[in-house]
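See below for the structure under consideration.
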Amino acid sequence: MYPKKNVTLRRVAAVLLILPIMVLMGWRSGIALEYGRSIEGHLKRAADANTIEMAERELQAALSVMEARGMTTGYSSVFYQTPGDDIGYWYGNLKTSLEELEALPPDASPLEKSNMLLKLRETILDHDSDGENVTAPSGISAYPYNRPFAVSCFLFTCMAIGGCLVGLRSRYLTLKDMVVLGAVCTAAFLVPMGLFMF
């Protein structure tokens, strides 16, 4: 049997080893929510717009945030580049769509406006078995932190596994230990996520 002090140190070590992955996952969830609110949401509204003016306004809002975040060039992939991860192509396509909307004369016929809105909708949305989704490179919500996130996720997952093993070696966790561990991990997940929501 371990001395009580040694068991307590193992429990504390277990919690400290598990916390970083929870913080990282909370941060990742937070930036995904922020991307959905400040870029993807505006792109979806541009695709759904019934007038050229509304589409221009929503597309401009999304492009402004993309430009501020540096989402104009590069790839969102971590290990190798694929055409589906090309941020420059995605951004260029959206920028060209905005320029075409702005170039449409105010006295354009309803048919021309309707065709332009239909073209914009086809540019922004993908159609698959889940319905309509906003076209975007995979992993774009974490850009430009994709590579550090992937490396940190690997390291922190190894630490969390180590934390679980340390926790198991400390004999039996009491109900109080489980409640405290659950509360600490939940807070470690929610706090970084909440920073992006408000």
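We did not get these values from a lab; they are worked out from the coordinates using the rules stated. Just so we're clear, the structure is a prediction, and the values are computed from it rather than from any experiment. For neighbour counting, all protein chains shown are included, and Cβ atoms are generated from backbone atoms with ideal geometry for every residue, glycine included.
Taking 35 Å as R0, compute the FRET efficiency from the Cβ-Cβ separation of Cys158 and Glu112 and round it to 0.05. Mind dumping the intermediate values first?
Working: r = 58 Å, r/R0 = 1.65.
Plugging the Cβ-Cβ distance into 1/(1 + (r/R0)^6) gives 0.05.
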Cross-link partners of Lys119 among aspartates and glutamates (Cα-Cα below 12 Å; sequence separation of 8 or more within a chain): Asp48, Glu100
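Sort Asp130, Asp85 so the one with the fewest other Cβ atoms within 10 Å of its own Cβ comes first. Please list the in-between numbers first.
Details: Asp130 7, Asp85 21.
Starting with the residue having the fewest Cβ neighbours, the order is Asp130, Asp85.
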Proximal charge balance of Arg45 [Cβ under 15 Å; K/R count +1, D/E count -1]: -2
Two-site label geometry, Glu53 and Ala103: point separation in nm, points 7 Å out along Cα→Cβ: 2.3
